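Take a look at the structure set out below.
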Amino acid sequence: MRLLLVDDHPVVRRGLCALLKEAFPGGEVGEAGSAAEVWERLAAHSWDVVLLDISLGVESGLEVLMELRRRAPGLPVLMVSAHAEEDFAVRSLRAGAAGYLVKTSAPDEVVAAVAKVLQGRRYVTASLAERLAATVGGDLSVEPHEVLSQRELQVLCLVARGLSLKQIAAELDLSEKTIATYRSRVGAKLGLSTNVELTRYALTHKLVD
């Protein structure tokens, strides 16, 4: 059994690694601190489950999740985040995640989630199950940012972190004109015009730390 931990904080990885090695004796736990390291680990070994942080510095865990779905469609991915369920859980599951855990979860809950995903099932808390049921029934109020595409959400978060359009273009390997288009779409969808307003929105909705 191989588990791959993806988190940009070494201390967090160390804690999860120790927990999982104790819970799954004989299993191998690999580590990656960035998207580039994920692709290296993926090329070097096969994995049974990936535990993926939703925030990898300036990189988006959701973007990594979507790329994982493309490169390894049968590999289950359990999202692990400092953000509450209402912030990213539904979006993560829609993007193909096998489950969503907050970092404040008890150790037993983390182990139970991994075990369930290893069995080929999804891990969903009771509160998240209710939220998903409401989504299907059309009763769930949708936050404005939930209608953004993955790339638009990524641009919003980078703008909120203070990066210029030129810096974002370099970070995402896209043209500055393309980034400007995404920035314009984000503003239109959220009904906001300035970077200050976008930053305040992202902070209020805990999209950035």
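Against the chain, whose longest principal axis comes from its Cα atoms, helix 150-160 is set at around 70 degrees.
This model, with +1 at the C-beta of Lys and Arg and -1 at the C-beta of Asp and Glu, gives the chain a dipole about its Cα centre of some 400 debye. From helices alone, the chain scores -16500 deg cm²/dmol at 222 nm; the rule is -39500 (n - 2.57) for each run of n ≥ 4 DSSP H residues, then divide by the residue total. Against the longest alpha carbon principal axis of the chain, how many degrees, from 0 to 90 and to the nearest 10, is the axis of helix 195-204 turned? So the helix axis and the longest Cα principal axis differ by about 30 degrees. When the surface is traced with a 1.4 Å probe over the full set of protein chains, V111 keeps roughly 40 Å² accessible.
So in the chain, what percent of DSSP beta bridges are antiparallel if you round to the nearest 5? Mind showing how you got there, number by number?
Values: 2 of 20 bridges.
Around 10 percent antiparallel, to the nearest 5.
Note on the chain: GNM, Cα springs under 10 Å; of H45, H145, H83, the largest mean-square fluctuation is that of H45.
Anything over 29 Å Cα to Cα? Flag those among K103/K177; K21/K103; K177/K206, in the order listed.
On the way: K103/K177 37 Å; K21/K103 18 Å; K177/K206 27 Å.
Table pairs above 29 Å Cα-Cα are K103/K177.
Please report, to two decimal places, log10 I(q)/I(0) for the range 1-51 at q = 0.14, 0.15, 0.27 Å⁻¹ as given by the Debye formula with identical point scatterers on the Cα atoms and no solvent. Those come out to -0.31, -0.35, -1.05, one per q. Rolling a 1.4 Å probe over the protein heavy atoms gives the chain an accessible area of 49 Å² per residue.
Our compactness index for the chain, the C-alpha radius of gyration over the empirical 2.2 N^0.38 Å, is 1.04.
The values are calculated or read from the model by the stated rules, or taken from the named source; none is laboratory data. Since the structure is predicted, the reported quantities are computational estimates derived from the model, not experimental observations. A quick note on method: Cβ atoms are made from the backbone with ideal geometry, for glycine too, and the neighbour counts reach across all protein chains shown. What goes into the accessible areas is simple: the full protein's heavy atoms, side chains included, and nothing from ligands, DNA or RNA. Shrake-Rupley method; radii C 1.70, N 1.55, O 1.52, S 1.80 Å.
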